[in-house]
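Heads up, the thing below is written out as structure tokens.
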Amino acid sequence: MLNLAVPWPKRTPRQSCAETGPPERYDEDFKNEAVRLVTTGQRSVPDVARSLGISENILYRWKGHTNKVDRSPNGISQQDYDQLWEQLRRTEQERDILKKA
């Protein structure tokens, strides 16, 4: 019988943050430009991440945290959206009170 087991490569111990230093911080302009490159549809996330030398996961996270106005199809900001929901809630409460009367 053949032994098909392949030995795992030896792993180096995990480095601590003290050894590697703090994570690199990127300014907002850099993040916005990276997200813009992806959202225009001309380049893929892996392509942009590779060209900028950043992780795909970071770029996906930045893309997910973009301004709520950019993500909403109707152009309403999150603050306006929340205000409209609160107004709807109050109006429904008033309607229910009038129904009971």
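Look at segment 47-69: where a residue is open to solvent by 80 Å² or more (accessible area, probe 1.4 Å) and at pLDDT below 90 and a partner is assigned to a loop (DSSP other than H, G, I, E, B) and among the hydrophobic types (A, V, I, L, M, F, W, C), sitting 6+ places away or on another chain with Cβ atoms under 9 Å, you get K68/I76. Enumerate the pairs (first residue in segment 78-101 and closer than 30 Å to H65 by Cα and free of Cβ contacts under 8 Å to residues at least 60 places away in the same chain; second residue anywhere and of a type outside the set (V, I, T) and assigned to a helix (DSSP H, G or I)) with beta-carbon separation below 6 Å, excluding pairs fewer than 6 apart on the same chain, so at least 6 apart or on different chains. Close Cβ pairs (under 6 Å, with a partner that is of a type outside the set (V, I, T) and assigned to a helix (DSSP H, G or I)) amount to Q78/K68.
The values are calculated or read from the model by the stated rules, or taken from the named source; none is laboratory data. The shown structure was predicted, so the numbers you read here are calculated from the model rather than taken from an experiment. Cβ sites come from the backbone with ideal geometry, for glycine too, and all protein chains shown count toward neighbours. Surface accessibility is based on the protein's heavy atoms, side chains included, excluding ligands, DNA and RNA. Shrake-Rupley method; radii C 1.70, N 1.55, O 1.52, S 1.80 Å.
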